[in-house]
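Below is one structure; the comments refer to it alone.
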Amino acid sequence: MPCEGCMERDNKSTGATMEFLLLGFSELLCLRVLLFLIFLIIHLVTLAGNVMIFMAVVMEPSRPPMLFFLCQLSVIELCYTLVIVPKALFSLIVVDGSTISFIGCAAQMHLFVALGGAECFLLVAMSYDRYVAICQPLHYIAVMSEEFCLRLAVACCLGGFAVALGLTVAVFRLPFCQSRHINHFFCDVPAVLHLACTQSYTPELPLLAACVLLLLLPFLLILTSYVCIAAALLHVTSSVGRCKAFSTCISHLAITSLHYGCATFMYIRPKTSYSPDRDKMVSLVYTNITPLLYPLIYSLRNKEIRGVLRKMLRRKKTAQLNWGTTRAVMCVCDNENENAINLTRIERAE
């Protein structure tokens, strides 16, 4: 039974005119300008880093599977930040919080969970790529073909969007209390569930199922891949070869730890342990800091990405030199034409 003061979902005005109020950082009035500038700079640097990796990989004619997956990861991170950060920045400008419609809140939650889920599945695909590269190097080209990588990429996106759709529908079918104040800067699942007017743990079951599908199952698959990789490296006699093989996995392990660490802390817990202020701080980390760290980790640790970025910068410098040469030639031609015109005028005057 819904609690007293709840808004029934069969009301005609619920889906069309119902709005939520995102309180954001309304308690930090003195730090609004500073937070806005910090988040804006982080957001712009994150966008620039991911766009640079995306452009570098797209411009590379020969793309190995790891670069293909990194390109998809950059696209996911771009969409991920664009779904959350602009609304968060707007909440810092508005004093009393920003409103978001029922449809807008549901769409934001769905996209956020879908992109996060697609990233979870993509990390599994990347761990499988490392497993095949280290444990089955002779079959790597045959197994990780371009068609198979494309299928994996599509499956990651479809899997994330399917689970997110089920979770979003389950959450927004609940009756909500009439305050409708979300103590967060975006429509996160725990924050919206906190408004549900139910006394049972039934509303948490869809979230638990989504955590199993998006977090627990992918994590177990990644763990299995690395157990197999560790077992294979034990049979490598050369310490240099062992270190070289393991170094290709460090960047993936770092991103996996960041992603699953924050997500596990946020979503795998009972409703009674929900703390709005703590959740907002943790959300700031995984919606702003971790997307910023991903390009840095891969550009610093991944040899292929560094090589591609160097090629892109070389192309840019070459294009600038060519353009400078072209402009110089055009200026010379213009000067010669102008001199010829002036000589013609002088001859006519004589």
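The values are calculated or read from the model by the stated rules, or taken from the named source; none is laboratory data. Quantities reported herein were computed from a predicted structural model and do not represent experimental measurements. Cβ placement follows ideal geometry from the backbone for every residue including glycine, while neighbour counts extend to all protein chains displayed. Please note that ligands, DNA and RNA were not included when accessible areas were found on the heavy atoms of the full protein model with its side chains. Shrake-Rupley method; radii C 1.70, N 1.55, O 1.52, S 1.80 Å.
Quick notes on this one:
- The stretch between Arg310 and Val143, if pulled fully straight at 0.36 nm per residue, gains 57.2 nm over its current Cα-Cα span.
- When +1 charges are put on Lys and Arg Cβ atoms and -1 charges on Asp and Glu Cβ atoms, the dipole computed for segment 61-219 relative to its Cα centre reaches about 140 debye.
- Accessible area per residue, Å², segment 73-145 with all protein chains present, probe 1.4 Å: 36
- A convex hull fitted around the alpha carbon atoms of segment 150-250 yields 148 Å³ per residue.
- Dipole check for segment 109-184: with +1 at the C-beta of Lys and Arg, -1 at the C-beta of Asp and Glu, and the Cα centre as origin, the magnitude is about 360 Debye.
- For segment 180-200 versus segment 135-178, the gap between their alpha-carbon centres in whole angstrom: 26
- The packing ranking of peptides 256-268, 230-242, 31-43, highest mean first, is 256-268, 31-43, 230-242, where packing means the average number of other beta carbon atoms within 10 angstrom of each residue.
- Surface analysis of segment 155-211 yields an accessible area of 42 Å² per residue, using protein heavy atoms and a 1.4 Å probe.
- Computed from the C-beta positions of Ser247 and Val58 and an R0 of 30 Å, the FRET efficiency is 0.70 to the nearest 0.05.
- Long-range amide H partners of Ser98 with built H, under 5 Å: Leu22
- For segment 70-109, convex hull volume per residue from C-alpha positions, Å³: 55
- Taking amide H as placed 1.01 Å from N in the peptide plane, the amide H of His184 sits under 5 Å from that of Leu23, Gly24, each at least 5 places away or on another chain.
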